[in-house]
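**Student:** Here it is, the structure, as structure tokens.
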Amino acid sequence: MNLHRIRVVAYKEWREIIRDRLFFALAFIVPSLLMLLFGYGLSLDVENIPLAIVDYDQSVSSRDYAHHFTDSRYFSFQGYAQREKDVEKLLIDNSLRAVIVIPPQFGENLRGGRSADVQTWIDGTFPFRALTAKGYVNAINAAINLDNLATYISGLTGVSEDRIRATAQPVKLETRYLYNQEVKSIWSMAPKLIMVILMLSPPFLTALGVVREKESGAIYNVYSSTLSRGEYLIGKLLPYVGISVVNACALTAFALLLFGAPFRGNPLFFLLSTILYVICTTGIGLLVSVVVNTQVAAMVGTSIVTVVPAVLYSGMIIPIPSLSATAAVIAHILPGMYYSEIVIGSFLKGVGFTSLWMDMLILALYATVLFTAGFLAFHKRPDR
């Protein structure tokens, strides 16, 4: 294998990339743009839920009850409404997501030691957010009930309210969040977005780079040259691997500096794992380019084999243990899941080679298999 020939092929490919403005944008601008769009647009945090309150009682007790919701960071208070009919229109046009309806005689029932029913409307068009909002309402209501109970019993018995609260709740649950103490979804999503974008961009670039030579007829120069298959493929893929590694560094900088995700792992281990993952995804693009003959077909084929696995079978949104048995098997035969474990381990858990060596080994095997398959499938002569 001649290193000079490989360098010449790589240099030629690099010149083609920087000469084509559209291809240059796909190579360097689109990955960063995707990181920004997904990073700011994809959030699993359920906060600032638009809330309105219909208070038919208009008493001190009802206003105090409402204050617990208006003062919560989980709800964005939009104001009081006079009637339920007024808020129905706001729920329909998505201006509101939740409504608290306080009935007449609310305060009178509480002062008399009787229960007071309060109605909650929650927009259920987003089930996950609706269930989370319901949990917020239940938690706030439980805290209010405990305060009212303590105040009522203290007035009857003279026992301090703090002692009554301790008696009513003998077991106090304290939750400690590991690895993501502030429970920010972006701290988890930003590292996984690196995995997703590196699953999308390198295969697209590689597949289009090889297939456009088929469309233009330039591939016949390769067929008639003395280049070996290995020299051509290595020289062809090297620029895309290098570009993708540069993009990976840029995406990591976005995750750290722009979205504030912490990095607690070993930078060298993360870099080596990223290079292996990039070689894997570049190999996917190589296989697609061998099968198809047009750039449109290359784009469609690459989308099919990268977008769905990157989002659904990598643990980005749905944890792997929560997948069905069949889906879990699919996830384990794709490289995205293993690199997702590495980025989360490196960013949030602070683990490295000792804990993640198996994932790194699988990526290395995957890269070897993909390049070997692409090498065997690529023929130095056109198919007849």
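The values are calculated or read from the model by the stated rules, or taken from the named source; none is laboratory data. Only a predicted model underlies this, so the values are computations on that prediction, with no experimental measurement involved. No Cβ is skipped: glycine too gets one built from the backbone with ideal geometry, and neighbour counts run over all protein chains shown. The accessibility values were calculated without ligands, DNA or RNA, using every heavy atom of the protein model including side chains. Shrake-Rupley method; radii C 1.70, N 1.55, O 1.52, S 1.80 Å.
**Student:** Quick one: which of ARG212, ARG163, ARG229 is of a type outside the set (A, V, I, L, M), free of Cβ contacts under 8 Å to residues at least 12 places away in the same chain, farther than 19 Å from SER340 by Cβ and open to solvent by 20 Å² or more (accessible area, probe 1.4 Å)?
**Tutor:** It is ARG163.
**Student:** Which numbered condition in (1) of a type outside the set (Gly, Ala, Ser); (2) within 25 Å of the chain's Cα centre (by Cα); (3) modelled with pLDDT of 90 or more; (4) farther than 30 Å from VAL241 by Cα is the only one that LEU34 fails?
**Tutor:** For LEU34, the failing item is (4).
**Student:** If the requirement is being within 25 Å of LEU44 (Cβ to Cβ), of a type in the set (Phe, Trp, Tyr), within 21 Å of the chain's Cα centre (by Cα) and part of a helix (DSSP H, G or I), which of these qualifies: PHE263, PHE270?
**Tutor:** PHE270
**Student:** I'd like to check something: does the range 170-182 contain any residue that is assigned to a helix (DSSP H, G or I) and either of a type outside the set (Gly, Ala, Ser) or closer than 24 Å to PRO50 by Cα (or both)?
**Tutor:** no
**Student:** Moving to a separate point now. Out of everything in the range 87-106 that is within 21 Å of ASP117 (Cα to Cα) and among the charged types (D, E, K, R), what residue ends up being surrounded by the most Cβ atoms within 10 Å (Cβ to Cβ)?
**Tutor:** Filtering the range 87-106 for residues that are within 21 Å of ASP117 (Cα to Cα) and among the charged types (D, E, K, R), the one surrounded by the most Cβ atoms within 10 Å (Cβ to Cβ) comes out as ARG97.
**Student:** Also, quick follow-up: Within the range 37-64, which residues are crowded, with 17+ Cβ neighbours inside 10 Å and of a type in the set (A, V, I, L, M)?
**Tutor:** VAL46, ILE49, LEU51, ALA52, ILE53, VAL54
**Student:** Find all pairs meeting these conditions: Cβ atoms under 7 angstrom apart; at least six residues apart or on different chains; first residue within the range 113-138 and polar (S, T, N, Q); second residue at pLDDT below 90.
**Tutor:** SER115/ASN109; THR132/VAL46
**Student:** Considering SER216, SER244, which residue is polar (S, T, N, Q) and modelled with pLDDT of 90 or more?
**Tutor:** Among SER216, SER244, only SER244 is polar (S, T, N, Q) and modelled with pLDDT of 90 or more.
**Student:** Let me ask something else. All but one of (1) open to solvent by 20 Å² or more (accessible area, probe 1.4 Å); (2) over 27 Å from VAL296 (Cα atoms) hold for ALA261; state the number of the condition that does not hold.
**Tutor:** (1)
**Student:** Here is a list of conditions, (1) touching a Pro at 6+ places or on another chain (Cβ under 6 Å); (2) over 30 Å from LEU33 (Cα atoms), and SER201 meets all of them except one; can you say which number that is?
**Tutor:** (2)
**Student:** Of the conditions (1) more than 27 Å from ILE234 (Cα to Cα); (2) open to solvent by less than 10 Å² (accessible area, probe 1.4 Å), LEU323 clears all except one; give me its number.
**Tutor:** Failed condition: (2).
**Student:** Step by step: first the residues of the range 174-188, then only those that are closer than 17 Å to TYR40 by Cα and β-branched (Val, Ile, Thr), then the one that is surrounded by the fewest Cβ atoms within 10 Å (Cβ to Cβ). Which residue is that?
**Tutor:** VAL183
**Student:** To continue, here is another question. Got a sec? Which helices (runs of 4 or more DSSP H) wholly within the range 280-374 have at least 3 residues that are in contact (Cβ under 8 Å) with a residue 12 or more places away in the chain and either of a type in the set (Lys, Arg) or touching a Pro at 6+ places or on another chain (Cβ under 8 Å) (or both)?
**Tutor:** 295-312, 335-344
**Student:** I've got another one for you. Do we find a residue being basic (Lys, Arg) and within 26 Å of PRO239 (Cα to Cα) anywhere in the range 372-384?
**Tutor:** yes
**Student:** Could you tell me which numbered condition GLY242 fails, if it satisfies all but one of (1) under 31 Å from the mean Cα position of the chain (by Cα); (2) free of Cβ contacts under 8 Å to residues at least 40 places away in the same chain; (3) open to solvent by 40 Å² or more (accessible area, probe 1.4 Å)?
**Tutor:** All conditions pass for GLY242, except number (3).
**Student:** Got at least one residue in the range 67-74 being open to solvent by 30 Å² or more (accessible area, probe 1.4 Å), within 24 Å of the chain's Cα centre (by Cα) and not aliphatic (A, V, I, L, M)?
**Tutor:** Scanning the range 67-74 turns up at least one residue that is open to solvent by 30 Å² or more (accessible area, probe 1.4 Å), within 24 Å of the chain's Cα centre (by Cα) and not aliphatic (A, V, I, L, M).
**Student:** Also: I'm checking my understanding of the structure. Among residues of the range 107-142 that are open to solvent by less than 50 Å² (accessible area, probe 1.4 Å) and aliphatic (A, V, I, L, M), which one is nearest to ARG165 (Cα to Cα)?
**Tutor:** Only one residue fits best here, namely ILE140.
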